[in-house]
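See below for the structure under consideration.
The values are calculated or read from the model by the stated rules, or taken from the named source; none is laboratory data. Predicted model only: the values in this text are computed from it and were never measured. Cβ coordinates were reconstructed from backbone atoms using ideal geometry, including for glycine residues, and neighbour counts include every protein chain displayed.
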C-alpha cells in the first residue's frame, strides 16, 4: 500500500503582489495532482495550508476543486487538515476545506480526528497555536492510545517542532507520541525526512517557493511531494520533485564590472520559457540611482521582477555583520528580552502575538490574548480585569 503526502501548497498566494506568481502556485498544484494519479497511490494526505488564507479567492477554490475531482475520478481519496494560514484561530470558525466535504474531501478536525483506510489508522489535528499547547498535548495522548490498537498508523499534524524550528515552534520532539508508523507533517517549508518512533517523520516542504529564504533548500531538495510505501516493516519514503514554472536567479555583482555581470545574467536567462525572478546584490556602488537605471534598462524586459540590493564600499562590511548566522532578528531580540520572566509560556505567547500583529490580524490577536489568559491565569486576580485589558 502506498500513499502521497504533500503540504503547504498555499493556493491563492500572490507573491510580491504579482498575478503571474499566483498562477505559478496553481500550475505546480495541477502538476502535483497529475503526478499523484500517475503514481497510482491508494490515498493522499495534505498536512495543512492548502490555501494561503482562510478566505481563498474563487480561483484558488476552483483550482483545488478541479484537482479534487481528478482524484475522485481516479478513486483516490484525500485526507486533509487545516494549517495556520487556512484557518482562523477563533472559536466557532471553520476552515475552507469543509466546503469540499460533499465532493469527497475527508477533513480531519478536532471533532473528527481519525479515519480508517482499510487497515491503516489515519489520525490528526489541525494547527494549534503554542498558547493551546496543553490542549494539543492532551489530544495527542488520546490519539496515541487509539493508534496502539492498530498495526499501521499515520499521524497528520501542521506544527512546528523544536528540533526543526528555531524559536517559533509549538511542540518539543518529546511531546510527539512515538507509536505511529508515519508522521505526515506540515508547516515547515523545507524538506525533512527523519527517523522517529516506529517509522518516519516527514515535512514534504512547500510546493512552491513561498519565501526567498527557501531557495537554498530548493536547490538541494527541490519542491514537490513524497510517496510512502507502508508494506515493509518501516515506511519507505520516495522524494518526488516537481519542476517549478519559474526560476529564482541569485547573483552578486560588482558595480565596477556591472556591464559584464549583466551580460552574464542575460546569457543565462535568454532561453527561459518564463521570465525569472532576479535577486541581485550589487557591491561597491558609487551611485544607487545610476546602478538602478542600468539594471532596469537592461533586465526589466527579461525578468518578471528584479529585486536589487545595493551596497556601497562602506556598507559592505556592515552587511556582512548583519548576515552572520549569529545575528539576532526581531523574534530573537524579543525572546532575549523576555528571559527576565523565566517563563517559556510567556515567551511563546509573545512571539505568536508578534507574528499576528505584524500581519494586522487584530481579531486573531485578541482571541490569542483571551485564550492565553483563560488557560494560564483563570484564577488570578488579573482575570477580574481581563475584559478591560482586551479592549
Review point. For the range 87-104, which residues satisfy the criterion of being surrounded by 17 or more Cβ atoms within 10 Å (Cβ to Cβ), out of contact with any helix residue (DSSP H, G or I) (no Cβ under 6 Å at 6 or more places or on another chain) and in a loop (DSSP other than H, G, I, E, B)?
Key: 87, 88, 95
Check your understanding: Counting just the residues of the range 116-152 that are under 24 Å from the mean Cα position of the chain (by Cα) and outside any helix (DSSP H, G or I), which one comes out surrounded by the most Cβ atoms within 10 Å (Cβ to Cβ)?
Key -> 124
Practice item. Identify the residue in the range 258-287 that is assigned to a helix (DSSP H, G or I) and within 35 Å of the chain's Cα centre (by Cα) and, among all such residues, is nearest to residue 210 (Cα to Cα). Key: 269
Exercise for review: Only residues that are farther than 20 Å from residue 155 by Cβ and surrounded by fewer than 17 Cβ atoms within 10 Å (Cβ to Cβ): list them for the range 222-237, please.
Suggested key: 222
Study note, to complete from the structure: The residue that is surrounded by the most Cβ atoms within 10 Å (Cβ to Cβ), considering only those in the range 37-55 that are more than 20 Å from residue 155 (Cα to Cα) and at pLDDT 95 or above, is 51
**Study point:** Per-region count, the range 33-45, residues closer than 19 Å to residue 203 by Cα and in a helix (DSSP H, G or I)
**Key:** 3
Study note, to complete from the structure: Sole miss for residue 112 among (1) over 25 Å from residue 192 (Cα atoms); (2) in contact with a strand residue (DSSP E or B) (Cβ under 8 Å, 6 or more places away or on another chain) is condition (2)
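Which residue is farthest from residue 38 (Cα to Cα), if the candidates are limited to the range 241-257 and must be outside any strand (DSSP E or B) and either in contact with a helix residue (DSSP H, G or I) (Cβ under 8 Å, 6 or more places away or on another chain) or not assigned by TED's automatic domain parsing to the domain that holds residue 273 (or both)?
Out of the qualifying residues, it is 255.
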Check your understanding: Which one of 94, 69, 78 is out of contact with any strand residue (DSSP E or B) (no Cβ under 7 Å at 6 or more places or on another chain) and farther than 30 Å from residue 353 by Cα?
Key -> 69
Point to revise | residue 30 being in a helix (DSSP H, G or I), crowded, with 16+ Cβ neighbours inside 10 Å and touching a residue at least 24 places away in the same chain (Cβ under 8 Å) | key: no
Exercise for review: Please state which one of 83, 67, 48 is assigned to a helix (DSSP H, G or I) and closer than 23 Å to residue 203 by Cα.
Suggested key: 67
Point to revise | Exclusive hit being more than 11 Å from residue 196 (Cβ to Cβ), surrounded by fewer than 21 Cβ atoms within 10 Å (Cβ to Cβ) and at pLDDT 95 or above, set 175, 162 | key: 175
